[in-house]
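The values are calculated or read from the model by the stated rules, or taken from the named source; none is laboratory data. Remember, predicted model here, so these are calculated numbers, not experimental data. Virtual Cβ from ideal backbone geometry, glycine too; neighbours counted across all protein chains shown.
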Amino acid sequence: MQWTLVVPLKPLARAKSRLSDTAADGLRPGLALAFAQDTVAAALACPSVKDVAVVTDDVLAGRELGALGAHIVPGEPGGGLNAALSHGAAAVRSARTDAPVAALNADLPALRPLELARVLDRAAHFPRAFLPDAAALGTTLLAAAPGHALRPAFGEDSRARHRASGARELDPDGVDSVRQDVDTGDDLRAALALGVGPRTAAAARLLAAELRPWTPRPQPVRPARLRPRTSPPGPVG
Ligand SMILES: Nc1nc2c(ncn2[C@@H]2O[C@H](COP(=O)(O)OP(=O)(O)OP(=O)(O)O)[C@@H](O)[C@H]2O)c(=O)[nH]1
Ligand SMILES: C=C(OP(=O)(O)O)C(=O)O
């Protein structure tokens, strides 16, 4: 089965706010865009993916992700992430009613195409299925086979909500790159350890340069002060 992925992306200026202690305001939008670019590029290279629809009203992100080959779905209804995903899935299904659709977060910079294929191929056995994130609290992917509504319930603790909604929890081995979303500095380090795509690697280098602590220039070495010739006499004894 070949899936249409629906990838939600917040306006870059507001994205990844939980990374504010790792990346300054001036660098965070670029980092969020790099995550999305690496996520979308890997998704488009996945043999189980037919196409990718990015739900975003961000003009720069729309241009950059469109250039990679994604379809851009603008005109979010408001109401946050789940409303945006339902809007994207409806746009996909209005063109192809029988499309298998899967929501995929845009913050998976280590995503590997063959690991994504393993998850999607497994999801194809169920009406609805989801993959928990690396922290085992949230969700990185929610899939709905043809004839089934997506019914997204992303957000804090979404793993429990997706499970309660009747979606099948997937647990395939060796799909860390599909589970490693990046919300915090620790997540970013974990993603870098897995190996990120080229745009995130470049953005992380920029971040590292910014974070490098100021080191004083070495001072010229002065000769040790000579003991004064007329040092006071030591104790006589
Ligand atoms: N289109 C759209 N995407 C959203 C919205 N809220 C979150 N997202 C996207 O949903 C995915 C998961 O969201 P989060 O991991 O919370 O990302 P985030 O909102 O940028 O991060 P924080 O600001 O730290 O909460 C990311 O790809 C976000 O860009 C929304 O209101 N609209
Ligand atoms: C939106 C989600 O991601 P995060 O936990 O990264 O906000 C989620 O897990 O449902």
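Observations, loosely collected:
- Test for Ser158: is it in contact with a strand residue (DSSP E or B) (Cβ under 8 Å, 6 or more places away or on another chain) and within 12 Å of ligand 2 (Cβ to nearest atom): yes
- Taken together, Leu31, Leu65, Leu9, Leu19 contain a single residue that is among the hydrophobic types (A, V, I, L, M, F, W, C) and more than 16 Å from ligand 2 (Cβ to nearest atom), which is Leu65.
- The residue that is surrounded by the most Cβ atoms within 10 Å (Cβ to Cβ), counting only those in region 151-162 that are within 21 Å of the chain's Cα centre (by Cα) and under 16 Å from Ala84 (Cβ atoms), is Pro152.
- The condition of being small (Gly, Ala, Ser), away from ligand 1 (no atom under 15 Å from the Cβ) and assigned to a loop (DSSP other than H, G, I, E, B) holds for only one of Ala135, Ala129, Ala153, Ala149, that being Ala149.
- Taken over region 91-132, the residue count meeting the criterion of being closer than 27 Å to Gly75 by Cα, more than 14 Å from the chain's Cα centre (by Cα) and acidic (Asp, Glu) is 1.
- Subset of region 161-171 (residues that are away from ligand 1 (no atom under 16 Å from the Cβ) and either touching a Leu at 6+ places or on another chain (Cβ under 8 Å) or among the charged types (D, E, K, R) (or both)): Arg163, Ala167, Arg168, Glu169, Leu170, Asp171
- Among the residues of region 12-26, the ones that are surrounded by 13 or more Cβ atoms within 10 Å (Cβ to Cβ), under 21 Å from Gly62 (Cα atoms) and more than 8 Å from ligand 1 (Cβ to nearest atom) come to 1 in all.
- Any hit, region 49-62, residues being of a type in the set (Asp, Glu), surrounded by fewer than 18 Cβ atoms within 10 Å (Cβ to Cβ), modelled with pLDDT of 95 or more and under 28 Å from Thr184 (Cβ atoms): yes
- Subset of region 116-135 (residues that are surrounded by fewer than 19 Cβ atoms within 10 Å (Cβ to Cβ) and closer than 21 Å to Leu192 by Cα): Ala135
- Beta carbons closer than 7 Å, at least 6 apart along the sequence or on distinct chains, pair a first residue in region 12-27 that is farther than 17 Å from Val55 by Cβ and in contact (Cβ under 8 Å) with a residue 60 or more places away in the chain with a second that is among the β-branched types (Val, Ile, Thr) and within 11 Å of ligand 1 (Cβ to nearest atom) for Arg18/Thr184; Leu19/Thr184.
- Single condition Val178 does not satisfy, out of (1) within 17 Å of Val7 (Cα to Cα); (2) aliphatic (A, V, I, L, M); (3) in contact with a Lys or Arg (Cβ under 6 Å, 6 or more places away or on another chain): (3)
- For region 163-179, filtered to residues that are touching a strand residue (DSSP E or B) at 6+ places or on another chain (Cβ under 9 Å) and small (Gly, Ala, Ser), the residue that is surrounded by the fewest Cβ atoms within 10 Å (Cβ to Cβ) is Gly166.
- Test result for Arg112, more than 15 Å from ligand 1 (Cβ to nearest atom), in contact (Cβ under 8 Å) with a residue 60 or more places away in the chain, more than 21 Å from Asp176 (Cα to Cα) and charged (D, E, K, R): no
- All of Val101, Val175 fail the test of being away from ligand 1 (no atom under 16 Å from the Cβ) and of a type in the set (A, V, I, L, M), apart from Val175.
- Scanning region 182-191 for residues that are crowded, with 16+ Cβ neighbours inside 10 Å and either farther than 18 Å from Glu156 by Cα or in contact with a Gly (Cβ under 7 Å, 6 or more places away or on another chain) (or both) yields Leu188, Ala190, Ala191.
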